[in-house]
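Following: one structure in C-alpha cells, then a few remarks.
Each value in this text was obtained by applying a stated rule to the coordinates, not by laboratory testing. Computed from a predicted structure; not experimentally measured. Don't worry about glycine lacking a Cβ; one is built from the backbone with ideal geometry, like all the others, and counts go over all protein chains shown.
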Amino acid sequence: MRTKLLALAVLGAAVVVGVAFAALALGDTSSEASVSPGETANIEGLTWSVVATKQRRRIAIPDGGLTYAARNGVYLILELRLENASGSAARAVGEYVSLVGADGKRYGLDEDGSTAYHLTLGPHRHDPALYEPTRPDPVFGFFDVPVGTARAASMTFDLPRQALRGTPLLEIRPPDGSRTAFEIDV
C-alpha cells in the first residue's frame, strides 16, 4: 500500500512537472507593460522615458545643403532619456524597437531620417559623446549606458499620416519576450 502511494505521489509530481514544462514551451511567458505619456519604464536595466515628440515632412541638414523628405508622409521623431540606475552594465539596442501606428501597422526605425535628424542636433543639443558627427544615431545600432548615468537618444520613423490619427505606440521587445508599449502623444 505504501509503495502504491509513493508511486502515485511520484507520478503526480512528474505530471505537474511535465505540465509546467509544456506550459513554458507552448505558452506565452512574456510580460507586457503599457506606459502612458510622461511615465517611465524599466527595460533590461535601463529606465526609458519619451521626453519629446516632433513631426517633420522634411529634415534639412545644416551646412550640408541636403534635405531628406519623408517618403511615406511624415517623420515622427522621438527624443528619449535612458538612465542606468541598475548597478550593472546596460545597453540600448535599436533592433528591439518599432513603432505601431494607429493604423495597426508596424514601422521600423528610418535610418536616413535618423541620420539626418542626428546631424541637425549639433554639439549643444545632447551629450557630445553620443552625437559625434562620425557616428550614426546610436539607437538604430546599440550603445552602452554607463552605471549611474543618463543618455539622450533619438529615433526617427517614416510614417503615413493615417498612422498618427490616434495613439501610436513605441514598442520595445527585448529577446526575453517581454513587451513594453509607450503611448505616444502626437
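For region 145-186, what is one quarter of the convex hull surface built on the Cα atoms, given in nm²? List each step's numbers first, then the result.
Values: hull surface 18.0 nm².
Taking the Cα atoms of region 145-186, their convex hull projects to 4.5 nm² on average.
With a simple spin-label model that places each label point 7 Å from the Cα along the Cα-to-Cβ direction, the separation between THR53 and GLU183 comes to 1.1 nm.
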